[in-house]
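Right, one structure below, let's go through it.
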Amino acid sequence: MSNSSVIVPAPPVSLPPAPPGPLAAFWFAFRDNRGATLGLYLVGAIIAIALLADVLAPYSPFEQYRDAVLAPPVWSSGGSWRFILGTDDLGRDMVSRLLYGARVSLLIGLAVMGISMVVGILLGLASVSAGGI
């Protein structure tokens, strides 16, 4: 006489879904704010324009066109599509100068933010190490 036992597998236990990670939770809350999302897209576009200034700029920002000094923008009387935003007093294309200027503006903003962060961290560490009042 043999005693054979049949093992019946237990039904699968359904676990509750894992909570989202901190980055996913932040993104779900962030994307509900339309103003913040629009700002993110705008900053992303400015960064993309600054990085692609070599490709997007129609002219060199330093090249002077003496035949088009102080040319008006295209929508003004006397404006042409050659210089969409016109030229400055030295005959340099304003579109090209704005596109390349975005690089300088972003670099200055990042430098100021980095310096502020370092100073803030140092002040925070100094206040923690000094103890309470």
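For this structure, a couple of remarks:
- One residue stands out in the range 86-133 among those that are charged (D, E, K, R) and assigned to a loop (DSSP other than H, G, I, E, B): the one that is least open to solvent (accessible area, probe 1.4 Å), namely D88.
- Residue check, M113 modelled with pLDDT of 95 or more and either more than 19 Å from I46 (Cα to Cα) or touching a Pro at 6+ places or on another chain (Cβ under 9 Å) (or both): no
- Residue pairs whose Cβ atoms lie under 7 Å apart, separated by 6 or more positions or on different chains, with the first residue in the range 10-38 and at negative phi and the second basic (K, R) and open to solvent by 100 Å² or more (accessible area, probe 1.4 Å), are T37/R31.
The values are calculated or read from the model by the stated rules, or taken from the named source; none is laboratory data. Note that this is a predicted model, so its numbers are computed, not measured. Positions of Cβ are backbone-derived with ideal geometry, glycine not excepted, and every protein chain shown enters the neighbour counts. Accessible surface is based on the protein model in full, side chains and every heavy atom, while ligands, DNA and RNA are left aside. Shrake-Rupley method; radii C 1.70, N 1.55, O 1.52, S 1.80 Å.
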